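One structure is given here, and the rest of the page talks about it.
Derivation of every value follows stated rules applied to the coordinates shown; laboratory data play no part. Remember, it's a predicted structure, so these values are computed and weren't measured experimentally. Note that each Cβ is placed from the backbone with ideal geometry, even for glycine, and that neighbours are counted across all protein chains shown.
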Amino acid sequence: MGLSPRSLFFFLFILFIDSVTCSSCPIDFSYVQTLPWDSSPCQDPTDKSCCQTLLSLFGIGLAQYLNQTSMFYFPNETSSSSCLSDFQTKLQSMSFPRSLVSECLGNSTEFVVNPSFCAGIATTQDWIKKVGPTSLLDSSCNGDMTGLTRCGLCVEAGFRVSAQLASLDKNSTKCFYYAVFYAAGIVNEFGPEDPRTAVCILGLTLDSSATNKSKNLSKESLYKWVFGSLGALVGVLMTTGLIIVYKKWHKKRQQKELHEEYVTGVKARVLPNTGAKWFSLAELEQATSGFPQRNMIGQGGYGVVFKGILSDGTVVAVKQILDIDSKGDEEFVNEVGIISNIRHRNLLSLRGCCVTSDQLRGKRRYLVYDFMPNGSLDDHLFKNEANEKRLSWPQRKNIILDVAKGLAYLHHGIKPAIYHRDIKATNILLDSEMKARVADFGLAKQSTEGQSHLTTRVAGTYGYLAPEYALYGQLTEKSDVYSFGIVILETMSGRKVLDTTNATNASTILITDWAWTMVKSGDVKGVFDEGIREEGPRGVMERFVLVGILCAHVMVALRPTIADALKMLEGDIDIPRLPDRPLPLSHESFRSSLLFSASTSERSKGSSSISSM
């Protein structure tokens, strides 16, 4: 049956409207052709900085989109795909390869609103709820960003705000990008398409020839004005100049004295025989090329980590601690004092540190470590893409043994023993040969011979904390053993310590409860990550799971020492029969038993030491 001309016209009109709606991009990318950005990196196929340039260029559009719609990312994949296509078309019109966009910006899902992005923020209203109506960005990123001082303050404000957001949710991603888009699209009065904003906040590099051309405009008229006014102003300028020079000199002298006083004070609190080198800020700025975003390899609530190369060619990781309160000084001094004097192949060694302060940026602290090219254990267990190869059974086995050896050295290889207090997958780093090294000793504490520790401030990460430490502040070597047990179970199963994906009624399943249930039902193999179930000898793999459950037992007395746990893992001693399923932490019998265990331990070991940490 044929369609009438009128019906056919209406049908075609509907199809046209649908195609326009589905394919329209809310961003006008015409600035790609008008903004004088430096396109030279993208003309060299081997220049890896091209991708950073394109990300900054695309970020201008996202910041403008945020200003117009209050949304940080696109509402659906259709809009995102359409914008990537439009962006690609603009680049093609400038004779760039079609493949650049897909190679540098990835697929369209990268720019679609996702609850996992930065503490669930999707709009500026969400931002205000999380950050507040004003932040450091509002005071540091408005106006003309030309000049290192103004730009540096804005960039550091971005790091601090993004660290604040990341601390709200340990699984947050893209928080730094959110801070950048907000600063450029909402805070700065000139907007993201202004070269001054694009260069500083969005990290775009401009074409030097275009920059020099603008500087030469109206030079002749400027000279006439200067020569006409010079005679009348000479006397005033000389007097004013002398006053300004004196004030600047006096101010710099005061700042230098305050800086030297702060640095001397921090150094005096570190043990005098510390083996770590004290770097100058200039050395670290040279090593990292000025701490640019492209050299940033990690960030969290603690601060930001940059990759750098020292003058002797050594590749290092430089951690900048962002908090400026006295607690930050305590943890900094603690880590330097502890880790710089111990050496073990399974502990991340500290190469050096740096402290500095000035009136504009306040206190800054830096820790310099050996660079670990394979990232953290967390990266390989939980952040793998579908097409990436997961850790093999031999790799997992060796990583667990490496961590056990590092902890055994801390607990039994040195005097006094050291309790790490923050053993977790993100603090286990992997070198070029996938050898594990325990890192981040900011919360570590040295034991006191013959005394048990009671702490008024419990430190560590939720889920990895031993119950007696989290509830009562009782700190012993068994506290680290509990955290180590959690790491074993995470490594063997590929599951996180707290899992909500398969839980009913949105409840949270602790990995120890899940592993216990699987083992008691006779399905030990079900604990293994699917990728390794057929790789290794089942008996050995089951032994590792049982040791993990035993180490992470809620009762202190039933956990082995780290030395015994290592022997069990290596098969040198037998694993005792797993005790009956422990009672929930809220059960009165458990609480009474735990209190009795703590009081007995105190009477047998001597007087208690009330610690401030």
Between Ser311 and Ile244, what is the label-to-label distance in nm when each label sits 7 Å out along the Cα-to-Cβ direction?
3.4 nm
Stretchable slack from Ile297 to Ser521, in nm (0.36 nm times residue separation minus alpha-carbon distance)
76.4 nm
In what sequence do Arg421, Arg538 fall when counting other Cβ within 10 Å, fewest first?
Arg538, Arg421
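Longer than 27 Å from Cα to Cα, which of Lys478/Lys520; Lys363/Lys435; Lys397/Lys525; Lys48/Lys397 are they? Say none if no pair is. Could you put the intermediate results ahead of the total?
Working: Lys478/Lys520 24 Å; Lys363/Lys435 35 Å; Lys397/Lys525 16 Å; Lys48/Lys397 35 Å.
Pairs exceeding 27 Å: Lys363/Lys435; Lys48/Lys397.
Given the peptides 544-551, 37-44, 517-524, arrange them by the average over their residues of other C-beta atoms within 10 Å, most packed first.
Working: 544-551: 23.6, 37-44: 16.1, 517-524: 13.5.
Per-residue Cβ counts within 10 Å, averaged per peptide and sorted highest first, yield 544-551, 37-44, 517-524.
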Using the number of other C-beta atoms within 10 angstrom as an exposure proxy, rank Lys129, Lys90, Lys319 with the fewest first.
Lys129, Lys90, Lys319
Protection proxy ranking, peptides 187-196, 423-432, average beta carbon neighbours within 10 Å, highest first
423-432, 187-196
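Using the 10 angstrom Cβ neighbour count as an exposure proxy, how do Tyr472, Tyr409, Tyr464 rank, fewest first?
Numbers: Tyr472 15, Tyr409 20, Tyr464 25.
Neighbour counts put them in this order, fewest first: Tyr472, Tyr409, Tyr464.
Is there a quick way to get the dipole size of the range 22-207? I mean about its Cα centre, with the Cβ of Lys and Arg at +1 and of Asp and Glu at -1; what is the value in debye to the nearest 20?
440 debye
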Roughly speaking, what is the stretch gain from Thr34 to His412, that is 0.36 nm per residue apart minus the C-alpha to C-alpha distance, in nm to one decimal?
129.5 nm
Taking 0.36 nm per residue of separation between Glu103 and Thr46 and subtracting their Cα-Cα distance, the length gained on full extension comes to 19.2 nm
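Quick one: which of 304-316, 131-143 comes out on top by average Cβ neighbours within 10 Å, and what's the full order, highest first?
Numbers: 304-316: 15.6, 131-143: 17.2.
Going by the mean number of other Cβ atoms within 10 Å, highest first, we get 131-143, 304-316.
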Taking R0 as 45 Å, what's the FRET efficiency between Glu570 and Leu168 from their Cβ-Cβ distance, rounded to 0.05?
0.65
